[in-house]
1. Considering only segment 244-251, I want to know if a residue exists there that is open to solvent by 10 Å² or more (accessible area, probe 1.4 Å), touching a Leu at 6+ places or on another chain (Cβ under 7 Å) and within 24 Å of residue 268 (Cα to Cα).
2. Looking at segment 110-130 only, could you name the residues that are among the aromatic types (Phe, Trp, Tyr), open to solvent by 10 Å² or more (accessible area, probe 1.4 Å) and either without any contact (Cβ under 8 Å) to a residue 60 or more places away in the chain or part of a loop (DSSP other than H, G, I, E, B) (or both)?
3. Could you tell me which residue of segment 34-57 is surrounded by the fewest Cβ atoms within 10 Å (Cβ to Cβ), considering only residues that are among the hydrophobic types (A, V, I, L, M, F, W, C) and under 21 Å from residue 146 (Cα atoms)?
4. Among the residues of segment 232-266, write down those that are at pLDDT 95 or above, of a type in the set (Ser, Thr, Tyr) and not in a strand (DSSP E or B).
5. Applying the selection to segment 266-297, what residues are of a type in the set (Lys, Arg) and open to solvent by 40 Å² or more (accessible area, probe 1.4 Å)?
6. Here's a check for you: in segment 210-231, which residue that is assigned to a loop (DSSP other than H, G, I, E, B) and of a type in the set (Asp, Glu) is least open to solvent (accessible area, probe 1.4 Å)?
7. Of the residues that sit in segment 138-191 and are among the polar types (S, T, N, Q) and open to solvent by 10 Å² or more (accessible area, probe 1.4 Å), which one is farthest from residue 252 (Cα to Cα)?
8. Could you please give the count of residues in segment 193-209 that are closer than 20 Å to residue 219 by Cβ and surrounded by fewer than 24 Cβ atoms within 10 Å (Cβ to Cβ)?
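The values are calculated or read from the model by the stated rules, or taken from the named source; none is laboratory data. Note that the structure is a prediction, hence the values are computed from the model and not measured. So basically every Cβ, Gly included, is an ideal-geometry build from the backbone, and we count neighbours across all protein chains shown. For the accessible areas, the whole protein counts, side chains as well, though only heavy atoms, and no ligand, DNA or RNA atoms are used. Shrake-Rupley method; radii C 1.70, N 1.55, O 1.52, S 1.80 Å.
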Amino acid sequence: MKAAYFYDPSDIRVEEVSVPQAAADELVIRMKASAICGTDLRIYKFGHFKIPAGTRRVLGHEIAGEVVQVGAQVKHFRPGMRVALPPNVGCGSCAMCRKGYTQLCPTYEAFGISYDGGFQEYIRVPGNAIQRGNVVPIPDGISWEEAAMVEPFSCAYHSYKALNIRPGDSVVVIGAGPIGACHVLMSRLAGASRVMVADVQDNRLAEMKALGADVVINTATTDLREAVLAETDGEGASVVITACSVPEVQALAMEIAATHGRINLFGGMPKGKEIVPLNTNLIHYKELTVLGTTGSSINDYCESMALVAAGRLSLLPLATARFTIDDINNAFRYALSGEGMKALVVEG
């Protein structure tokens with residue numbers, strides 16, 4: 001089979017390797033669709049602490065595929081089943097795992113990071129991933145591509161639950177990438193009365209408008225604070241989501257939030273830029289709620305899959321380019337360019 005191995009930053013090689021064989025407690029699935037995520041791009045550029053030097057790894061953690069091998073001890077799965085893989089596999093025994101927050105497990109494993117991921121024709125699913133619920137059946141009516149994109153949407157869904165977005169809220173999403181698009185879709189579904197998106201790329205802002213954003217703001221030419229105040233009759237936004245990794249944006253979020261506003265510092269900061277000066281008087285005097293979310297739990301993932309299956313929203317508009325495994329390097333170049341939304345690796 002073909003597998004795209006990451007060796008070092010900017011070094012991914014497509015190689016021919018043997019098809020994995022399922023042990024007694026394992027599955028093997030045939031990859032049908034696997035999307036490139038911002039985490040994949042960061043690994044591609046900078047590496048990852050869970051991929052030691054000298055180790056090769058198949059990236060890709062937004063995965064949908066068909067079960068082709070079932071280990072003798074594995075129950076509830078059979079060849080031919082359509083499944084998706086929530087990526088973060090918890091230890092199963094720590095405080096966070098016991099509460100269901102496997103993405104916050106301090107010793108988590110993950111497809112595409114510590115396990116070989118989706119940019120290969122066949123994927124071995126370890127027994128502990130099966131036992132901890134990281135294999136989710138895909139309901140009828142959801143395409144392979146849409147199922148693969150449930151993972152990033154589930155991260156926005158996890159954010160929505162923490163922010164408690166309600167009908168009538170005004171929402172500002174800063175960052176018009178694929179994850180910003182997921183926040184737009186979720187905010188609309190939650191009943192937000194006004195969804196505003198800020199970015200510096202007109203092409204991506206146009207994508208946000210097509211997905212249902214009421215207002216788009218190019219911050220290269222327009223002052224974001226003035227624009228948000230103008231759109232909210234001087235009150236500021238009920239909810240602000242920083243869907244990008246820019247320190248200044250986190251500080252600005254405090255300024256454009258309304259009194260009693262809720263802010264999610266969704267985008268993590270690059271190494272060396274984690275310390276961000278904030279005007280804490282704004283938090284104090286406006287009684288702001290400032291929080292963070294990261295990833296999603298398996299429960300978030302399953303609930304997100306159910307929303308898509310029910311037809312409450314469509315993720316397919318996010319898929320703007322498709323590539324084969326052989327063309328993986330072009331797929332990464334496209335994803336890095338910011339030209340479109342999601343790049344998907346698809347196999348028949």
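1. Yes, segment 244-251 contains a residue that is open to solvent by 10 Å² or more (accessible area, probe 1.4 Å), touching a Leu at 6+ places or on another chain (Cβ under 7 Å) and within 24 Å of residue 268 (Cα to Cα).
2. Within segment 110-130, 115 is the sole residue that qualifies.
3. Selected residue: 41.
4. Within segment 232-266, 232 is the sole residue that qualifies.
5. 271, 273
6. Among those residues, the one meeting the criterion is 214.
7. The qualifying residue farthest from residue 252 (Cα to Cα) is 143.
8. The total comes to 9.
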